[in-house]
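Data block below; observations after.
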Amino acid sequence: MPPSCSRCVSPRVINLETARKLGTATGALAGSLKGAYVALYTPGRLPASSAHFPLSRVAVAVIAAASSGIAGAAAGHQMVQHLFPPGEGSPWLCLGCGHAFRVLD
Ligand SMILES: [Zn+2]
């Protein structure tokens with residue numbers, strides 16, 4: 001049962017722990033797709049010697065996707081992390097007024 005906002009008493013609050021997990025996951029996914037897309041569809045990114053081997057391009061795309069995914073996950077994590085209020089307890093964010101607060105379990 002989520003608490004209501006301590007400032008505006010709105011019941012529309014989200015748990016920031018959940019938001020951080022979602023942000024990390026979606027950031028990783030978005031980063032992976034972007035990295036793979038750039039590696040696959042940007043000409044001239046590969047050395048000329050490997051251009052004859054389609055598998056190499058796929059391998060580069062996989063590596064690019066993995067590294068971009070890590071960067072994306074870190075970005076998503078950071079994005080939500082700075083919303084966290086200091087202190088103990090479960091972090092919540094009010095969607096009504098944007099107030100972040102913690103509730104001790
Ligand atoms: Zn509020």
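The values are calculated or read from the model by the stated rules, or taken from the named source; none is laboratory data. Bear in mind that the values here come from a model prediction, so they are computed numbers and not experimental data. When we count neighbours, we look across all protein chains shown, and the Cβ atoms used for this are built from the backbone with ideal geometry, even at glycine.
Assorted remarks:
- Looking across the stretch 76-105 at every residue that is over 15 Å from Pro3 (Cβ atoms) and outside any loop (DSSP other than H, G, I, E, B), the one that is nearest to the chain's Cα centre (by Cα) is identified as Gly76.
- Residues of the stretch 4-17 satisfying the condition of being within 11 Å of the ligand (Cβ to nearest atom) and either loosely packed, with under 13 Cβ neighbours inside 10 Å or not aliphatic (A, V, I, L, M) (or both): Ser4, Cys5, Ser6, Arg7, Cys8, Val9, Ser10, Pro11, Arg12
- Condition check for Lys21: more than 30 Å from Val9 (Cα to Cα) and either modelled with pLDDT of 85 or more or within 16 Å of the ligand (Cβ to nearest atom) (or both): no
- Residue pairs whose Cβ atoms lie under 9 Å apart, sitting 6 or more positions apart in sequence or on different chains, and linking a residue in the stretch 1-20 that is free of Cβ contacts under 8 Å to residues at least 12 places away in the same chain to a partner that is surrounded by 14 or more Cβ atoms within 10 Å (Cβ to Cβ) and part of a strand (DSSP E or B), are Ser4/Val13; Ser4/Cys94.
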